[in-house]
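Structure first, then comments.
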Amino acid sequence: MINMSALRDTPTLSGRSVRLVPLASEHTEAYFAASLDEEIRRLTGTHRHLTYAQAREWCESRSGRTDRMDMAITSPGDHRYLGELSVYSVAPENESAGYRIALSAIEFAGQGLGREATELVLDYAFDKIGLHRVWLYVYAFNMRAIAVYRSCGFAVEGRMRDALLWEGRRHDALLMAALRNSARAT
């Protein structure tokens, strides 16, 4: 049985190198700046360019949502914005939900921040929300992210051929999922 109040009452989750806090208006500047980073846009397949007003409205509208959990990834000491993540498309009847994560700059890649944030979210999703399955999409060229997801218990379940057209080239997307028991078995 899903605990929907665990989505409504977005927690603060703390690890050694990251602190996950509810995404809110104070993250607008950094969230908007991250949306301008071309490499982050490529890795996430983001064609649309956000305006500052859209970024502000998105960050301000996250609190009080009962159907999803949107969090800012921050550093524990100085609360510097490192990225954001979401648990979304929650299907209580199937005990499943989607997951996405994006670091705000390539300089944060390779430090274990995404892995730690993902592990914290999976623990919360399985233990507190009561999910059985957490799924995500990742582009097949993003080998670093695929390796991180595998290390967190995700397995490839399928491939969507030519799912992304980026600068004239087509790229596949992989569907990956972690199950409650498999995430902890790795």
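Per residue, the chain reaches -8000 deg cm²/dmol at 222 nm when only DSSP H runs of four or more residues are counted, each adding -39500 (n - 2.57).
Taken about its Cα centre, the chain carries a charge dipole of about 440 debye when Lys and Arg each add +1 at the Cβ and Asp and Glu each add -1 at the Cβ. For region 135-148, the Karplus equation 6.51 cos²θ - 1.76 cosθ + 1.60, evaluated at θ = phi - 60°, returns couplings of 10, 7, 10, 9, 6, 4, 7, 8, 4, 4, 5, 4, 5, 5 Hz by residue, with Gly and Pro reported as x.
Suppose we look only past 21 Å in the calculated P(r) of the chain. What percent of the Cα-Cα pairs does that tail hold?
Details: 8556 of 17205 pairs.
Above the 21 Å cut-off, the chain has 50 percent of its Cα pairs.
The H on the amide N of Leu23, modeled in the peptide plane, is under 5 Å from the matching H of Asp70, Met71, Ala72, each at least 5 residues off or on a different chain. To the nearest 10, the accessible area of Ile2 is 20 Å² with a 1.4 Å probe.
Here the alpha carbons of region 14-67 define both size measures, Rg and Dmax, at 12.6, 34 Å. Extension gain for His132-Ser151 works out to 5.0 nm (0.36 nm per residue, less the C-alpha to C-alpha distance).
Applied to region 98-113, the Karplus parametrisation 6.51 cos²θ - 1.76 cosθ + 1.60 on θ = phi - 60° returns per-residue 3J(HN,Hα) values of x, 9, 9, 8, 8, 6, 7, 7, 4, 4, 8, 6, x, 10, x, 5 Hz, with x for Gly and Pro.
Please report, in debye to the nearest 20, how large the charge dipole of region 88-154 is about its Cα centre when each Lys and Arg carries +1 at its beta carbon and each Asp and Glu carries -1 there. Dipole of region 88-154, to the nearest 20 debye: 220 debye. P(r) tail for region 72-161: Cα pairs beyond 18 Å make up 46% of the total.
Neighbours of His132 by Cβ distance under 9 Å: Lys/Arg scored +1, Asp/Glu scored -1, total +1.
Built from the Cα atoms of region 119-163, the convex hull projects on average onto 3.5 nm², one quarter of its surface area. Residues whose amide H lies under 5 Å from that of Gly98, counting only those 5 or more places away or on a different chain, are Tyr88, Ser89, Val90, Trp135; hydrogens are built 1.01 Å from N in the peptide plane. With 0.36 nm allotted per residue and the present C-alpha distance subtracted, the Glu26-Ser61 stretch has 11.4 nm of extension available. All C-alpha pair distances within region 1-111, sorted into 10 Å bins from zero, spread as 14, 44, 34, 8, 0 percent across the bins.
If R0 is 30 Å, the Cβ-Cβ spacing of Ala140 and Tyr52 corresponds to a FRET efficiency of close to 0.40. Around Gly15, under 14 Å between beta carbons, what's the net of Lys plus Arg minus Asp minus Glu among the other residues? Residues near Gly15 contribute 0 overall.
Please name which of Ser86, Ala163, Pro22 has its Cα lying farthest along the dipole of the chain towards the positive end, using unit charges on Cβ (Lys, Arg +1; Asp, Glu -1) and the Cα centre as origin. Going by the charge dipole, the pick is Ala163.
The values are calculated or read from the model by the stated rules, or taken from the named source; none is laboratory data. Since we're looking at a predicted model, the values are computed, not measured. Positions of Cβ are backbone-derived with ideal geometry, glycine not excepted, and every protein chain shown enters the neighbour counts. Heads up: the accessible areas ignore ligands, DNA and RNA and are worked out on the full protein's heavy atoms, side chains in. Shrake-Rupley method; radii C 1.70, N 1.55, O 1.52, S 1.80 Å.
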